[in-house]
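First comes the structure, then the notes that go with it.
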Amino acid sequence: MTPKEKAFFDENGYLVIDNFASKEQMQQLRQAMDRIVEKFDENEHRSIFQTGPNKQQGDEYFLTSGDKIRCFFEPGAFELKDGKMKTPKHLSINKVGHDLHGLDPAFRAFSFSPAVSQLIYSLPYEQAAVCQSMYIFKQPRIGEPVDAHQDSTFLYTIPQSVTGLWWAVEDATKQNGCLWAVPGSHRLGNKSCFRRRKDGKPGTEFDPPKHELSVEGAVPLEMPSGSVVVIHGDLVHLSHPNTSEKSRHAYSIHIIETGKGVQYPAHNWLQRSDSKPFPVLPKPSA
Ligand code: FE2
């Protein structure tokens with residue numbers, strides 16, 4: 001980040017960098033995802049991805065996906081009457097996560113590229129680690145909205161240290177459900193933590209909110225393919241449903257500090273079942 005970009009990020013809680021990656025790189029990610037979807041057996045797992053206050057995700061398939069590559073469907077993908085898929089699987093999946101960066105060679109090479117290191121270490125990270133990755137399809141016509149949230153709710157560290165990177169694999173526009181951000185909202189701090197249940201039963205819950213999130217003043221982040229948006233963990237952001245005929249594919253990774261004595265609580269929903277530490281981004285060479 002240039003000093004001007006850093007000042008914008010500090011003031012607003014996000015920064016869009018146009019043409020961060022090439023169209024060819026985006027195409028490579030898309031092709032890698034095509035291979036993953038092709039291999040996926042849609043009859044084996046039918047986990048639906050849902051967000052929102054009364055729809056928190058907490059099934060076993062989701063909770064053990066931190067070190068795997070798993071597919072989550074759009075709620076509108078299946079017929080209510082007989083449960084049959086309405087469209088082919090490549091048009092029914094909401095997202096794939098959460099360890100593309102560790103397990104797939106194309107996503108690993110992209111996520112740990114020198115350009116990503118350079119960008120992340122221009123923020124005050126000492127030991128930045130990638131804790132999750134997602135490929136989000138925002139399918140034509142059935143792409144669900146994502147309610148206003150802060151990423152620090154879902155990847156909670158003490159103190160807060162999460163930063164999101166979100167690439168437009170395809171052009172993201174208001175029509176196909178681009179991200180919307182509330183400039184400056186990161187300064188209110190973290191609202192809540194999405195956690196494994198306190199009573200030890202399977203599932204998840206939210207800690208009581210410290211304050212309410214407002215979407216007043218939200219601005220659309222329309223981005224051409226290859227652009228990236230850097231998202232402060234406390235930034236309020238959302239996206240509307242995709243009712244258009246065009247998909248809006250995106251790839252995102254989330255970074256946390258694993259140095260400086262920062263803690264990653266065991267009650268976070270995302271835990272690696274193999275007990276390996278989150279992979280650290282190499283520092284850019286001087
Ligand atoms: Fe987010």
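Computed from the coordinates by the stated procedures, all read-outs in this text should not be read as laboratory data. Everything numeric in this text was worked out from a predicted model, so none of it was measured. Neighbour counts are summed over all protein chains in view; Cβ atoms, including those assigned to glycine, are modelled from backbone coordinates with ideal geometry.
Shape verdict for segment 107-169, please, from the Cα gyration tensor: rounded (a/c under 1.5), prolate (a/b greater than b/c) or oblate.
The shape class here is oblate.
Relative contact order (percent) for the chain, with alpha-carbon contacts under 8 angstrom and 6 or more residues of separation?
Rounded, it is 29 percent for the chain.
With the contact rule set at Cα under 8 Å and sequence spacing of 6 or more, what percent relative contact order holds for segment 56-143?
For segment 56-143, the relative contact order is 33 percent.
For Cys193, what residues show an amide H to amide H distance below 5 Å, using hydrogens built from the backbone and excluding near sequence neighbours?
Asp207
Using DSSP to call loops (not H, G, I, E or B), can you name the trypsin sites (Lys or Arg not before Pro) in segment 174-241 whose Cβ has at most 15 other Cβ atoms within 10 angstrom?
Those that pass, being in a loop and sparsely packed, are Lys174, Arg197, Lys198, Lys210.
For the chain, set up a GNM with springs between Cα atoms under 10 Å and report which of Asp67, Asp99, Asp34 has the largest fluctuation.
Sorting by GNM fluctuation, first place goes to Asp34.
How big is segment 149-286 by Rg and Dmax over its Cα atoms, in Å?
Looking at segment 149-286, its Cα Rg and Dmax stand at 16.5, 49 Å.
Residue by residue, what Karplus-based ³J(HN,Hα) values in Hz, rounded to whole numbers, does segment 260-277 have, using 6.51, -1.76 and 1.60 with θ = phi - 60° and x for Gly and Pro?
Per residue, the Karplus-derived 3J(HN,Hα) values read 6, x, 6, 9, 10, x, 5, 8, 4, 4, 8, 9, 7, 6, 8, 6, 6, x Hz.
Report the GluC sites (Glu not before Pro) located in segment 108-211 that are in a DSSP loop and have at most 14 other Cβ atoms inside 10 Å of their Cβ, or state none.
Here the GluC sites (Glu not before Pro) that fit, given the DSSP loop and packing criteria, are Glu126.
Taking the chain as a Gaussian network, where each spring joins two C-alpha atoms under 10 Å apart, which residue of Gly97, Gly76, Gly143 fluctuates the most?
The residue that fluctuates most here is Gly76.
Using the count of nearby Cβ atoms within 10 Å as a rough guide to exposure, how do Trp167, Trp180 rank from fewest to most?
Result, fewest neighbours first: Trp180, Trp167.
Among Val169, Ala148, Phe107, flag the residue with its Cα farthest along the positive direction of the charge dipole of segment 99-205, charges on Cβ as +1 for Lys/Arg and -1 for Asp/Glu.
Most positive-ward Cα: Ala148.
Kindly put Met134, Met85 in sequence by how many other C-beta atoms sit within 10 Å of each C-beta, fewest to most.
Met85, Met134
Given the -39500 (n - 2.57) contribution per DSSP H run of 4+ residues, what per-residue ellipticity at 222 nm results for the chain, rounded to the nearest 500 deg cm²/dmol?
-5000 deg cm²/dmol
Roughly what would the spin-label model give for His211 and Ala115, points 7 Å off Cα along C-beta, in nm?
Placing both labels 7 Å along Cα→Cβ, they lie 3.5 nm apart.
Enumerate the lysines that Lys210 could reach by cross-link, defined here as Cα to Cα under 27 Å, with residues fewer than 8 away along the same chain left out.
Lys55, Lys191, Lys198, Lys201, Lys260
So for His101, His211, His149, His249, fewest C-beta neighbours within 10 Å to most, what's the order?
Taking fewest neighbouring Cβ atoms as first place, the list is His211, His149, His249, His101.
To the nearest µm²/s, what D does Stokes-Einstein give for segment 134-204 at 20 °C and 1.002 mPa s, using the Kirkwood radius over alpha carbon pairs as Rh?
Here the translational diffusion coefficient equals 145 µm²/s.
P(r) for the chain: what percent of alpha-carbon pairs falls in each 5 Å bin, starting at zero?
That works out to 1, 6, 12, 17, 20, 19, 14, 7, 3, 1, 0, 0, 0, in percent per bin.
If you place +1 on the Cβ of every Lys and Arg, -1 on the Cβ of every Asp and Glu, and leave all else neutral, what size is the dipole of the chain about its Cα centre, to the nearest 20 Debye?
280
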